[in-house]
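Enquirer: Have a look at this one.
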């Protein structure tokens with residue numbers, strides 16, 4: 001991954017965290033890693049545990065940010081989420097998979113940001 005992509009990704013995650021907090025989410029973890037993969041943000045909205053993938057783009061040339069969450073990426077997120085829930089002994093708790101989609105202009109300012117709740121289904 002290029003340094004530019006890493007910088008944009010980190011900036012997007014910071015913006016997403018702020019946006020989630022403004023929308024009633026409580027941030028529990030950022031960049032949670034397991035042997036299965038990584039989850040950008042783990043948060044809680046009321047009693048639901050939310051596993052959030054953040055996608056940041058400058059244009060729609062390669063599709064919308066949320067379209068970039070491939071089936072393989074979804075599988076990794078689901079496995080990592082189940083690992084997290086088991087590790088924290090949160091069995092039988094509500095969980096879902098959200099995507100925060102962010103479009104930035106050339107000056108890294110937000111053009112559009114949205115939360116796509118239940119962006120994909122888990123196990």
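Enquirer: Which residues, taken from region 55-65, are under 12 Å from the mean Cα position of the chain (by Cα) and either farther than 22 Å from residue 78 by Cβ or at pLDDT 95 or above (or both)?
Expert: None; the set is empty.
Enquirer: Could you say whether any residue in region 92-112 is touching a residue at least 60 places away in the same chain (Cβ under 8 Å) and within 18 Å of residue 31 (Cα to Cα)?
Expert: Checked against the condition, which is being touching a residue at least 60 places away in the same chain (Cβ under 8 Å) and within 18 Å of residue 31 (Cα to Cα), region 92-112 yields at least one hit.
Enquirer: Determine which member of the set 29, 38, 13 is within 16 Å of residue 102 (Cβ to Cβ) and within 14 Å of the chain's Cα centre (by Cα).
Expert: None of the other options fit; the residue is 13.
The values are calculated or read from the model by the stated rules, or taken from the named source; none is laboratory data. Predicted, not measured: the structure shown is a model, and the values here were computed from it. Counting neighbours? That spans all protein chains shown, and the Cβs are built from the backbone with ideal geometry, glycine included.
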